[in-house]
Amino acid sequence: MAKPPIVTTLSEIRELSATVKHFRFAFDPGAGFPFKAGQFLMLHVPKETDPPVRRAYSICSPPHDAGAVEIVVKRVEGGLASNYLFGLAPQTRVTVDGPYGAFVLPSPLPKHLVFVCTGTGIAPFRGQIQTLFKTGVGAATRLTLIFGVRYEDEVLYDGEWRALAAAHPNFRFIPTISRPRHTPAPWTGEVGYVQTKLAQHAPADPDTKVFICGLWDMISAVETTCLELGYPKKHIHYERYD
């Protein structure tokens with residue numbers, strides 16, 4: 001069931017790559033909605049003659065950033081919502097509703113929490129990982145982020161992840177490139193698809209849980225690999241974008 005719409009102000013637009021942008025929507029004083037890290041909102045795309053079209057986007061900001069919500073969007077050729085967003089100017093009024101979804105952090109936390117994603121599937125994990133470090137509840141949990149993209153310049157929020165890894169010994173950031181270009185400098189990190197990194201960086205353990213976000217082909221491949229490694233199915237959770 002749809003929740004009441006909330007009109008926000010587009011307060012920030014950041015270009016993260018040639019095809020991906022970060023959008024921040026500020027709530028009016030007294031407005032907004034409480035959400036859990038990992039949930040999503042519905043964006044309203046206005047149409048001249050019809051009711052607005054609603055599209056789902058994972059919230060990539062943490063709940064403690066209470067005055068706004070943030071999303072990360074890849075421009076899709078012919079995509080109604082992504083092209084609408086990419087055409088907006090700062091300070092435009094934008095309507096959303098929410099929150100929705102159950103792709104939230106487990107309670108209690110396991111000994112090891114593994115996040116696996118590709119592309120804009122990074123969104124819910126950004127909010128969740130920031131939440132774990134802000135609240136301190138994840139201090140005793142190992143956190144591993146395996147993030148797959150095609151090219152080096154598509155590693156979204158790369159600086160943020162590297163800063164967190166430098167500041168928190170329990171957090172490992174593992175970007176993996178499927179088609180490295182080796183420009184402007186040689187790529188010296190992981191190469192290949194995310195599922196090929198699990199055996200090395202996230203071997204099965206009774207107190208490890210895996211969270212996956214992105215398109216179904218990737219999710220299916222990661223889930224299959226996890227099962228082959230010995231993970232129980234109940235320890236594998238995912239959010240599907242297609």
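Derivation of every value follows stated rules applied to the coordinates shown; laboratory data play no part. Because the structure is a prediction, the values reported are computed rather than measured. Glycine also receives a Cβ, built like all others from the backbone with ideal geometry; neighbour counts cover every protein chain displayed.
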### Task
Show the residue pairs that are 6+ apart or on different chains and have beta-carbon atoms under 7 Å apart, the first residue being within the range 1-25 and under 19 Å from W161 (Cα atoms), the second being crowded, with 18+ Cβ neighbours inside 10 Å and of a type in the set (V, I, T).
L16/V72; V20/V72; V20/V73; V20/T120; K21/V73; H22/V72; F23/I71; F23/V73
### Task
Test each condition in (1) surrounded by fewer than 22 Cβ atoms within 10 Å (Cβ to Cβ); (2) small (G, A, S); (3) on the phi < 0 side of the Ramachandran plot for G136 and report the one that comes out false.
(3)
### Message
V7 - would you say it is touching a Leu at 6+ places or on another chain (Cβ under 8 Å) and among the aliphatic types (A, V, I, L, M)?
### Response
no
### Residue ID - nearest to the chain's Cα centre (by Cα), chosen from residues in the range 200-232 that are hydroxyl-bearing (S, T, Y) and not in a loop (DSSP other than H, G, I, E, B)
S220
### Query
Residues of the range 200-230 being of a type in the set (S, T, Y) and over 12 Å from V114 (Cα atoms), which ones?
S220, T224, T225
### Message
Being over 24 Å from Q195 (Cβ atoms) and either of a type in the set (A, V, I, L, M, F, W, C) or not in a loop (DSSP other than H, G, I, E, B) (or both): is that true of D97 here?
### Response
yes
### Task
Give the residue, chosen from L143, L164, that is within 15 Å of K209 (Cα to Cα), hydrophobic (A, V, I, L, M, F, W, C) and touching a helix residue (DSSP H, G or I) at 6+ places or on another chain (Cβ under 8 Å).
L143
### Query
What number of residues within the range 146-161 satisfy the criterion of being part of a helix (DSSP H, G or I) and closer than 23 Å to L215 by Cα?
5
